[in-house]
1. Answer with yes or no whether Leu282 is open to solvent by less than 30 Å² (accessible area, probe 1.4 Å) and over 28 Å from the mean Cα position of the chain (by Cα).
2. How many residues are in a helix (DSSP H, G or I), under 30 Å from Ile612 (Cβ atoms) and open to solvent by less than 10 Å² (accessible area, probe 1.4 Å) when one looks only at region 89-114?
3. Can you spot a residue in region 200-213 that is small (Gly, Ala, Ser), open to solvent by 10 Å² or more (accessible area, probe 1.4 Å), in contact (Cβ under 8 Å) with a residue 12 or more places away in the chain and in contact with a helix residue (DSSP H, G or I) (Cβ under 9 Å, 6 or more places away or on another chain)?
4. Can you name the residue in region 285-303 that is open to solvent by less than 60 Å² (accessible area, probe 1.4 Å) and among the hydrophobic types (A, V, I, L, M, F, W, C) and is also farthest from Asn353 (Cα to Cα) among such residues?
5. Taking only pairs six or more apart or across chains, which ones have beta-carbon atoms under 7 Å, a first residue in region 677-688 that is among the small types (Gly, Ala, Ser), and a second residue that is surrounded by 13 or more Cβ atoms within 10 Å (Cβ to Cβ)?
6. So, in region 415-462, how many residues would count as being without any contact (Cβ under 8 Å) to a residue 40 or more places away in the chain and part of a loop (DSSP other than H, G, I, E, B)?
7. Give Ser412, Ser350 a once-over and let me know the one that is at pLDDT below 95, in a loop (DSSP other than H, G, I, E, B) and in contact with an Asp or Glu (Cβ under 8 Å, 6 or more places away or on another chain).
8. Check whether at least one residue in region 317-340 is in a helix (DSSP H, G or I), at pLDDT 95 or above and basic (Lys, Arg), and report yes or no.
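The values are calculated or read from the model by the stated rules, or taken from the named source; none is laboratory data. Treat the numbers as computed from the prediction; the structure is a model and nothing was measured. Using ideal geometry, Cβ is built from the backbone for each residue, glycine included, and neighbour counts are taken over all protein chains shown. Note: areas computed on protein heavy atoms with side chains; ligands, DNA, RNA excluded. Shrake-Rupley method; radii C 1.70, N 1.55, O 1.52, S 1.80 Å.
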Amino acid sequence: MKYDNIIAKLTLEQKASLLTGRDFWSTQEYEAEGIPSMYLSDGPHGVRRQAAEADHLGLNPSIPATCFPTAAAMANSWDPALGEELGERLGQEAAAQQVNVLLGPGMNIKRDPLCGRNFEYFSEDPFLAGKMAAAYVRGIQKNSISACLKHFAANDQEFRRMALDSVLDERTLREIYLTGFEIAVKEGKPGAVMTAYNKLNGTYCDENKWLVSDVLRGEWGFGGMVVSDWAGTNNKVASQLAGSDLEMPSCRYGAEDIVKAVKEGTLDESVLDKSLERILALAFRTTEAKKGVKEEFDVAEHHAFAEKCAEESIVLLKNDRAALPLDGEERVCLIGDFARTPRYQGAGSSVVNPTKLDCVTDAIGGYGLHYTGYRKGFDRYGRKKNQLAEEALALAKESDTIVFFAGLDEISEAEGIDRRDMKLPQNQLDLLERLSGLQKKLVVVLSCGSAVELGAAERADAIVYACLSGQAGAKAILNVLTGRVNPSGKLAESFPLSHENCPSAPYFPGKEMTVEYREGLYVGYRYYTSTGIAVRFPFGYGLSYTKFEYSDLQVGSDGVSFTISNEGERDGSEIAQLYVGLGHSRVYRPAYELKGFQKVFVGAGKQVKVHIPFDERTFRYFDTDMGRWETEEGTYTIMIGSSSAEIRLSSELFVQGTAVPVDRRKDLPSYYAGNVAAVSDGEFQLLLGRDIPPSGYAFYKKDHIEIGENSTVNDLRYCKSLLGRFVSALMRFAHAFLWKIGKRTQANTLEQGVLHQPIRGIAKYGGMSRRRMEALIIVFNGRFMKGMAQFFTKEKKKGKA
């Protein structure tokens, strides 16, 4: 090993201390041995190095940095080259702030629209997510710092995320939830990967040997550092045995557990040495790269680039009667709080303190419009204020065109909580209803990080989906509204008509001990195209101010070629999508799946020849009987679409198979039909190939459970101790009370930071010893005096410290 001479000089205690953080954001250093400390910083769409007291929920401000569009927005660009440029600028800013590891990109699958962290993730499709993430990684690491893919894996809900078991079959896991990570690891080559909070099929991700050692390191060849999510290590010894390396943040008892296990012979010291080799390699490489780096970056250029990214990511969802672009003759008013106070990013650990923040009301003067004014119109947090609505209506009556800025507030989409529904706030919908009755041209600009039910917004003549477009999004929106930019973004996720139409709706979120992925492979468009269930806007959909035609499809053994013609009078970019399906398959599968895409610029009246290659993933499926990837022999339908619902060209290609799969049609009828919204226990058990784990609490009395270190504060309502029940009741009452009186920020902070925090998380964040944590558990299990005695007395030290 490269660093064995350094490792050999370390004591067991020093080795153990290097495997857990020094503090909240940095790793341990040993100056005498020349071992530097690494600084890890949040940063999926902007660097969040905190200048004040550290926290992981985005409560305290960070050093100013460019807030680029979120991953949810950038995925709508379908442009990995642009993502790589964005990543390069992220890396420049991270290096300028002396950051070693940038914690991002996040790339979990948008399994359900209600996941509170969807704004940080790219797509419902693993191929698109993987390609975008790989591009980010390549860009970030051009600056010799490390990117860190997260959250590995199947972390697709926020509710009880630290104490939840994601239950799914291996084929679904491989094809949907791991494929994106596989692409990003193999093509991006990140220096680090972060394990998720949740259990995966019964084992916490950070201590899941199959996930970390067998798949990530073994099959994909990942040689970098594996770090836990913050307070996400359940058992540090098991984590080391699984192949994970670094526990964050600093945990007093994590290092002690390591030392104890080595001395007792349950953990070989060579396991520590392998982890240290990986940690030191990353620390030395990234520390050396930061030497001589200027602690500044081109703020203006990065802001301008953020505007370009937002322009490429905006999706034109509706444009009836050519309502857009706006012209200089019509009298235009702006209505909606987001026009003046933009909604441009999510809430939680990814919150960026922007270097500059544009707003539409300040910028509109430079666009040559007959601007009649702005009215707030509504309270962004949903409170009804009739005066605001009346003022907006009065202005609208004096205007020809109403541009209404709708969306979700910062509290609705946040780390640690899931959305309660898919609806836009009722006060916005009520005002939209009244505005639509004025018979004026109505344009809706939508700001949110995931799909919503549109309600009255559907009555608008035009709908522009800005998503969460970063600090420069306002001018990008105006550029699209006025036609300075021809919109080219397309949806990276489906917009269902309602949440009830989602395949995961019956199973999301998991409320107690497990979340069951009974819908299997049928996530997003895979479900809608297979069942014919209508959606409001399909995956891959987006309009333009020009018209594109597709022709001349040629299918070869290495890929497809075709021609795109711009039949309109404006230059524009089109995103062509390659879908592949196999009818009469012996294995169940969606009607077709995305296997390639390309964004191309086509001048007005011009045409472009497009080639999309096949790759190793184009025809594969995971055979759970054989335990490997296989290709089913057959005649595949090769489709080119402008969206998942609009296939423009198709042809057929015979592909030779590698094995004959087992036909399980009789056992799994719902999966062969795609009707997965009500899968029975028996069928899901057959899909899993094992018993379905219990989903509820394990009561040993009518309302008592045994409390352990992974029990949450919310779970204490069922503990034997009256003190524990009181604490839980107090926290739940405080949360409900704060929500009712409109203090939603404080309510959400309480929910994500306390109510669903496991006892081990409280101990880790609070710098508590294992002895004191276990004392609390004794108290909550009804032995008050014994627990208190242990909590307030020190453990007798054995041997020399």
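1. On the way: open to solvent by less than 30 Å² (accessible area, probe 1.4 Å): yes; over 28 Å from the mean Cα position of the chain (by Cα): no.
Here the answer is no, as Leu282 does not meet what is asked.
2. So in region 89-114, the residues in a helix (DSSP H, G or I) come out as 89-96.
Next, from what is left, pick out any that are under 30 Å from Ile612 (Cβ atoms): 89-91.
From the residues that got through so far, the ones that are open to solvent by less than 10 Å² (accessible area, probe 1.4 Å) too are 90-91.
Qualifying residue count for the region: 2.
3. Looking through region 200-213, at least one residue is small (Gly, Ala, Ser), open to solvent by 10 Å² or more (accessible area, probe 1.4 Å), in contact (Cβ under 8 Å) with a residue 12 or more places away in the chain and in contact with a helix residue (DSSP H, G or I) (Cβ under 9 Å, 6 or more places away or on another chain).
4. Step one: filter region 285-303 for residues open to solvent by less than 60 Å² (accessible area, probe 1.4 Å), giving 286-287, 289-290, 293, 297, 302-303.
So of that shortlist, the ones also among the hydrophobic types (A, V, I, L, M, F, W, C) come out as 289, 293, 297.
Details: Ala289: 25, Val293: 22, Phe297: 15 Å.
In this case the residue turns out to be Ala289.
5. Ala677/Pro503; Ala677/Pro506; Ala678/Pro506
6. Result for region 415-462: 3.
7. Numbers: Ser412 fails: in contact with an Asp or Glu (Cβ under 8 Å, 6 or more places away or on another chain).
Exactly one of Ser412, Ser350 is at pLDDT below 95, in a loop (DSSP other than H, G, I, E, B) and in contact with an Asp or Glu (Cβ under 8 Å, 6 or more places away or on another chain), namely Ser350.
8. There is at least one residue in region 317-340 that is in a helix (DSSP H, G or I), at pLDDT 95 or above and basic (Lys, Arg).
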